[in-house]
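Below is one structure, written out as structure tokens; the observations come after it.
Since every read-out is calculated from the coordinates, none of them should be taken as a lab result. These numbers come from a predicted model, not from an experiment. Positions of Cβ are generated from backbone atoms using ideal geometry, with glycine treated the same way; all protein chains shown enter the neighbour counts.
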Amino acid sequence: MTSKETTTTGGGLRRTLSVWEAIGVSVALMAPSMAVNINPQGISSSVGRAVPLAFALATVSVLLISWTFVRLTQRFHHAGSVYGFVGATLGPRAGIFAGWSLVGTTSSMPS
């Protein structure tokens, strides 16, 4: 086993990703949706000249959601993403709704 692999020795997972590896994984996960969302031509017919404002508001929204996920991962050690975090904080019914909402938004993206 190399030093970069995650093991369960000592009762828990070890953090072995470097900052650059974590950035690489994050970019790889964002690539499919960014390919669709980064092009302003798609939204220019809807918002006109306010495309930069729309991107600025979307950036602020994504940063707030990211900050929330960071705070939740510090408190709850759960691998369930949206389902796990919402279920742990607001209850299992809200967690199921959040999980299915995430499935709905992911499956409705054009390929």
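Could you calculate the FRET efficiency of Ala88 with Ile43 from 1/(1 + (r/R0)^6), where r is the beta carbon distance between them and R0 is 41 Å, rounded to 0.05? With a Förster radius of 41 Å, E is 0.75. Note on Thr59 and Trp100: with the Förster distance fixed at 25 Å, the Cβ-Cβ geometry gives a FRET efficiency of about 0.40. Computed extension length for Thr68-Ser26: 13.5 nm, one decimal, from 0.36 nm per residue of separation with the Cα-Cα distance subtracted. Cβ crowding within 10 Å, taken as a proxy for footprinting-reagent exposure, orders Ser101, Ser61 from fewest neighbours to most as Ser61, Ser101.
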